[in-house]
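Here the structure comes first, spelled out in structure tokens, and everything after it is commentary.
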Amino acid sequence: MTIREAETDTEIAACHAVMTQLRPHVPVEEFVARVRRMQATGYRLAYTSDDAAVRAVAGFRYLDQLVHGLVIYVDDLVTDERERSRGHGEALLDWLYELARSTECKALELDSGVHRAGAHRFYFRHRMTINAFHFVRPC
């Protein structure tokens, strides 16, 4: 298993099939351009692969917050549903945590939809805790 950051358009496009399992509203024809726009504001895309196939994807960024200081915030974290429980998500989450530690971040943070009970069990197993509610008011 290899973990890399997607840097080329080809690498970014290869992440779409897995990312769409979490973000089905982002069409393939818009994915690369959208990631490129987000990268301009600090978004980074990492993935695990084996045998040249993407197995898990994480979109993340550094945030400097008054509440916690410098953190890595994970926007997106998903493992291909056919590859779950094979270590890809764990490897990617561990990689993100080590990146946060090595860059002197105070924490690794993410939000998770209230309906994602399986993901919550995964985060609890990795010593993550719930410390806030995330409120949204659509426009």
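For the stretch 53-91, residues that are in a strand (DSSP E or B), in contact (Cβ under 8 Å) with a residue 60 or more places away in the chain and out of contact with any His (no Cβ under 8 Å at 6 or more places or on another chain) total 1. Restricting the search to the stretch 7-33, which residues are touching a residue at least 12 places away in the same chain (Cβ under 8 Å) and of a type in the set (S, T, N, Q)? Hit for the stretch 7-33 is Gln21, nothing else.
Test of understanding: among Arg55, Arg116, Arg121, which residue is modelled with pLDDT under 95, under 26 Å from Phe31 (Cα atoms) and either of a type outside the set (Lys, Arg) or open to solvent by 40 Å² or more (accessible area, probe 1.4 Å) (or both)? Walk me through how you get there before you give the answer.
Numbers: Arg55 fails: modelled with pLDDT under 95; Arg121 fails: under 26 Å from Phe31 (Cα atoms).
Going through Arg55, Arg116, Arg121 in turn, just one is modelled with pLDDT under 95, under 26 Å from Phe31 (Cα atoms) and either of a type outside the set (Lys, Arg) or open to solvent by 40 Å² or more (accessible area, probe 1.4 Å) (or both): Arg116.
Does Leu77 qualify as being touching a strand residue (DSSP E or B) at 6+ places or on another chain (Cβ under 6 Å) and farther than 19 Å from Arg125 by Cα? No; evaluated as a whole, the condition is false for this residue.
Return the only residue of Val26, Val54, Val18, Val71 being farther than 21 Å from Asn131 by Cβ and in contact with an Asp or Glu (Cβ under 7 Å, 6 or more places away or on another chain).
On the way: Val26 fails: in contact with an Asp or Glu (Cβ under 7 Å, 6 or more places away or on another chain); Val54 fails: in contact with an Asp or Glu (Cβ under 7 Å, 6 or more places away or on another chain); Val71 fails: farther than 21 Å from Asn131 by Cβ.
Just a single option satisfies the conditions, and that option is Val18.
Filter the stretch 64-75 down to the residues that are surrounded by 17 or more Cβ atoms within 10 Å (Cβ to Cβ) and of a type in the set (A, V, I, L, M), then identify the one that is nearest to His16 (Cα to Cα). It comes out as Val74. Mind listing whichever residues of the stretch 76-113 are exposed (fewer than 15 other Cβ atoms within 10 Å of the Cβ), under 18 Å from Arg61 (Cα atoms) and of a type in the set (Ser, Thr, Tyr)? Once the filter is applied, which keeps residues that are exposed (fewer than 15 other Cβ atoms within 10 Å of the Cβ), under 18 Å from Arg61 (Cα atoms) and of a type in the set (Ser, Thr, Tyr), the stretch 76-113 yields Ser102, Thr103. If you go through the stretch 15-33 and keep only what is open to solvent by 50 Å² or more (accessible area, probe 1.4 Å) and closer than 19 Å to Thr79 by Cα, you end up with Ala17, Gln21, Arg23, Pro24, His25, Val28.
The set of residues in the stretch 34-52 that are β-branched (Val, Ile, Thr) and open to solvent by less than 20 Å² (accessible area, probe 1.4 Å) comprises Val35, Thr48.
The values are calculated or read from the model by the stated rules, or taken from the named source; none is laboratory data. Keep in mind the model is a prediction, meaning the values are calculated, not measured. Quick reminder, even Gly has a Cβ in these numbers, built from the backbone with ideal geometry, and neighbours come from all protein chains shown. Protein only, heavy atoms only, side chains kept; ligands, DNA and RNA dropped before computing areas. Shrake-Rupley method; radii C 1.70, N 1.55, O 1.52, S 1.80 Å.
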